[in-house]
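Read through the structure below, which is laid out as structure tokens, and then see the notes.
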Amino acid sequence: MIGFAEIVRSLYGSWRLARGDPGGLDWFDLSAGGIWRSFWAPVLVLPGVLVLQALDGTFAPDLGRPLAAQIIAFIIGCTLFPLLVARISEEIGRGPLFCRYLVAYNWTALIQLAALLPAALLAWAAPGPATSLLNLVVTLALLFYQTYVARVALAVTRVTALLLVVLDVMLGTLIQGLADQIGG
């Protein structure tokens with residue numbers, strides 16, 4: 001189980017990274033236990049992700065099958081990308097930094113959800129060009145954030161970090177597409 005203090009420290013570290021402060025990495029528990037406990041972050045994010053999917057109409061006709069497909073897809077996404085990055089990290093000589101990246105990747109998902117969910121709720125409640133633009137701006141900002149986290153946590157170039165984010169987006173899109181087909 002994870003303690004409240006560790007959640008707060010990890011969120012603070014994520015917030016500092018969002019502000020462009022690489023010292024945010026110092027707030028994460030990088031022990032073996034801390035690495036495993038960082039997977040509580042996706043558990044905490046899951047309800048918000050399901051709300052986002054509900055706003056998109058994923059569960060409109062039925063709940064059971066689409067919900068099961070989305071949860072399975074979420075679990076696959078939370079494991080497949082880190083497994084690929086573990087291998088890539090080894091190949092590019094950054095293997096020793098992978099755990100630092102993994103913990104930061106997991107915890108920063110909470111900050112990303114905290115930015116994306118209000119924008120999505122606003123776009124759902126008041127659809128229009130302004131809220132669509134807001135969603136686009138938030139999404140782009142989060143892609144920059146993910147790139148920054150990859151760059152500082154793995155100590156790689158901006159291009160390498162961006163390629164990791166592109167890989168993450170591509171895998172997420174593929175997995176989401178499959179989940180939509182299975183669940184729909």
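The values are calculated or read from the model by the stated rules, or taken from the named source; none is laboratory data. Not measured: the values here are computed from a predicted model. Reconstructed Cβ throughout: ideal geometry from the backbone, glycine too, with neighbour counts over all protein chains shown. Keep in mind that these areas ignore ligands, DNA and RNA; they rest on the heavy atoms of the full protein, side chains included. Shrake-Rupley method; radii C 1.70, N 1.55, O 1.52, S 1.80 Å.
State yes or no: is residue 153 in contact with a Ser or Thr (Cβ under 8 Å, 6 or more places away or on another chain), open to solvent by less than 70 Å² (accessible area, probe 1.4 Å) and part of a helix (DSSP H, G or I)?
For residue 153, the condition - in contact with a Ser or Thr (Cβ under 8 Å, 6 or more places away or on another chain), open to solvent by less than 70 Å² (accessible area, probe 1.4 Å) and part of a helix (DSSP H, G or I) - is not met.
Quick check on my filter: what residues within region 156-179 are over 16 Å from the mean Cα position of the chain (by Cα) and either of a type outside the set (A, V, I, L, M) or open to solvent by less than 80 Å² (accessible area, probe 1.4 Å) (or both)?
Listed by number, the residues that qualify are 156, 157, 158, 160, 177, 179.
Collect the residues in region 35-59 that are β-branched (Val, Ile, Thr) and in a helix (DSSP H, G or I), keeping them in residue-number order.
Scanning region 35-59 gives 35, 43, 45, 49, 51.
Among the numbered conditions (1) more than 20 Å from residue 147 (Cα to Cα); (2) open to solvent by less than 80 Å² (accessible area, probe 1.4 Å), tell me where residue 72 comes up short.
Tallying (1) more than 20 Å from residue 147 (Cα to Cα); (2) open to solvent by less than 80 Å² (accessible area, probe 1.4 Å), residue 72 fails exactly one: (2).
Mind listing whichever residues of region 156-178 are part of a helix (DSSP H, G or I) and either β-branched (Val, Ile, Thr) or touching a Pro at 6+ places or on another chain (Cβ under 8 Å) (or both)?
The answer is 159, 160, 165, 166, 169, 173, 175.
Tell me which of these residue 83 doesn't satisfy, since it passes every other one: (1) open to solvent by 70 Å² or more (accessible area, probe 1.4 Å); (2) touching a residue at least 12 places away in the same chain (Cβ under 8 Å).
Unmet condition: (2).
Considering (1) within 26 Å of residue 10 (Cβ to Cβ); (2) in contact with a Ser or Thr (Cβ under 9 Å, 6 or more places away or on another chain), say which one residue 82 fails and leave the rest.
Answer for residue 82: the failing condition is (2).
Would you point out the residue of region 114-138, among those that are more than 17 Å from residue 20 (Cα to Cα) and among the β-branched types (Val, Ile, Thr), that is nearest to the chain's Cα centre (by Cα)?
Among them, the one singled out is 137.
Run down 111, 72, 182 and say which single residue is over 18 Å from the mean Cα position of the chain (by Cα) and in a helix (DSSP H, G or I).
182
Could you please give the count of residues in region 1-34 that are part of a loop (DSSP other than H, G, I, E, B), farther than 16 Å from residue 152 by Cβ and open to solvent by 50 Å² or more (accessible area, probe 1.4 Å)?
2
Is it true that residue 62 is under 22 Å from residue 2 (Cα atoms), assigned to a loop (DSSP other than H, G, I, E, B) and either open to solvent by 20 Å² or more (accessible area, probe 1.4 Å) or touching a residue at least 40 places away in the same chain (Cβ under 8 Å) (or both)?
no
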